[in-house]
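To start, the structure under review is shown below, and the notes come after it.
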Amino acid sequence: MLAARSGPAYEALTAALAERRIRRQYLGLAVGSFRESEGTIDRPIGRRPGDRKLMGVTKDGREARTDWRVLVQQHGL
């Protein structure tokens with residue numbers, strides 16, 4: 001987690017994010033199984049037309065790329 005403690009720090013942080021000089025990393029939990037153990041999702045993301053509170057893949061969304069991989073897979077749950 002990053003936090004800016006001043007206006008100039010905030011500006012530098014948002015610029016670094018926009019220029020992709022900072023890499024974001026998340027850990028998620030999924031139920032089900034995957035065909036592959038890793039992959040890439042490279043699709044535009046924007047607000048969903050039916051519910052503006054939700055995000056989804058849209059034609060006019062912002063560029064988004066996610067590289068993912070399964071860390072642990074448990075069978076029989």
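The values are calculated or read from the model by the stated rules, or taken from the named source; none is laboratory data. Note that this is a predicted model, so its numbers are computed, not measured. Glycine also receives a Cβ, built like all others from the backbone with ideal geometry; neighbour counts cover every protein chain displayed. Ligands, DNA and RNA are excluded from the accessible area calculation, which covers all protein heavy atoms including side chains. Shrake-Rupley method; radii C 1.70, N 1.55, O 1.52, S 1.80 Å.
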Review point. Can you list the trypsin sites (Lys or Arg not before Pro) in the chain that are in a DSSP coil and have 10 or fewer other beta carbons within 10 angstrom?
Key: 5, 20, 21, 23, 24, 35, 52, 53, 59
Exercise for review: Could you tell me which label, among (1) 1.02; (2) 1.16; (3) 1.45, carries the value of Cα Rg over 2.2 N^0.38 Å calculated for this structure?
Suggested key: (3)
Exercise for review: Count neighbours as other Cβ atoms within 10 Å of each site's Cβ, and list the chymotrypsin sites (Phe, Trp or Tyr not before Pro) in the chain that are DSSP loop with at most 16 such neighbours.
Suggested key: 26, 34
Practice item. Return one number: the angle in degrees, 0 to 90 and rounded to the nearest 10, between the long axis of the Cα atoms of helix 7-18 and the longest principal axis of the Cα atoms of the chain. Key: 40 degrees
Practice item. Using the heavy atoms of the protein chains and a 1.4 angstrom probe, tell me the accessible area per residue for the chain in square angstrom. Key: 102 Å²
Point to revise | Percent carbon-and-sulfur accessible area, the chain, ignoring ligands, DNA and RNA, probe 1.4 Å | key: 51 percent
